[in-house]
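Inspection log for the structure reproduced underneath, given as structure tokens.
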Amino acid sequence: MYPTYTLTIRCPDRRGIVASVATWLSDGECSIVEAHQHQDSGTGAFFMRVTFAAEGAVPPTVEDLRTGIAPIAARFEMEARVFDCAVRPRVLILVSKFGHCLHDLLHRWRSGHLPIDIVGVVSNHDDMRGITEWHGLPYHHLPITKDTKAEQEAQIIAMFDGLAVDLVVLARYMQILSPRLCEVVSGRCINIHHSFLPSFKGAKPYHQAHARGVKIIGATAHYVTTDLDEGPIIEQETRRVSHARTADDLVAIGEEVECSVLARAVRWQVDHRVMLNGRQTIVFD
């Protein structure tokens, strides 16, 4: 089997981009396995994702490919990134007391359905230690108070750097990240919000929804920014509910939706299928 790589491109839209990339790949004895592209008419930006197999006798390194695409990137003012598909992204999970999303991610990871390396789980509570350590993963209990927030987040930042983390996943981590931490993990931190944004915010959103008699509930996975729950949205899902459902029913349905939405967002992120476009995202799913 030939080694495979993924190339992502973002640049101003111009004639000849696709042809230039395809020619470069062909000249380098590479075959395109999957390709997606999008032209944003509003901003004039062009986005492209290509997965390709290197079929030459001597497989190129990622550095070789980055060097090779550089002249094309300069010509078209591209932000071009190349990833080795065999390298599993390193993920740090943050969680509080609600464990359903953590349990789901751990199951998908252990079963081989989520191609990541989980480098650890961080929590401001000790509730999830058992399940985490049962999976053979390090558990970091970092309690937080109003007076210790800066110190606690400094430990997370040190862990992010020291463990070479590619992605932080907030699997129902019920703490607001400081602007400093948001800056460190910008574009590399996904949160699952327990409602279909924009919608009911604050405590007990499903109970709020039940009290209002809603007919649709859902969940939203988005990038974390300094604007609380306003980051670019990656994935959403809804479920219809009726007047016969209790508030506890809505909680159970909501937790199921949260798990599936977060898992898809994480998978697309580690597959390099999500590209930022201002306050929006391009998702080549």
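Summary of computed values
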| read-out | value |
| --- | --- |
| Rg/Rg_globular for the range 35-88, with Rg_globular taken as 2.2 N^0.38 Å and Rg from C-alpha atoms | 1.32 |
| Bins of 10 Å from zero: percent of alpha-carbon pairs in the chain | 6, 25, 30, 23, 12, 3, 0 |
| Positive minus negative residues near V87 (Lys, Arg vs Asp, Glu; Cβ under 11 Å) | -1 |
| Under 5 Å, built H, 5+ apart or other chain: amide partners of E235 | A221 |
| Inter-label distance for D84 and R15, nm, one decimal - labels placed 7 Å from Cα along Cα-to-Cβ | 4.0 nm |
| The chain, relative contact order in percent, only Cα pairs under 8 angstrom and at least six apart counted | 15 percent |
| Evaluated over the range 1-110, the Cα radius of gyration and Dmax, each in Å | 17.5, 53 |
| Inter-label distance, nm, simple model (7 Å from Cα along the C-beta direction), S178/T238 | 3.9 nm |
| Within the range 1-82, GluC sites (Glu not before Pro) in DSSP loop having at most 16 other beta-carbon neighbours inside 10 Å | E29, E55, E77 |
| Efficiency of FRET between S260 and A22 - r from beta-carbon atoms, R0 35 angstrom, step 0.05 | 0.50 |
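Where a number appears in this text, it was derived from the coordinates with a stated rule and is not lab data. From a predicted model like this one, the values you see are computed outputs, not experimental measurements. For neighbour counting, all protein chains shown are included, and Cβ atoms are generated from backbone atoms with ideal geometry for every residue, glycine included.
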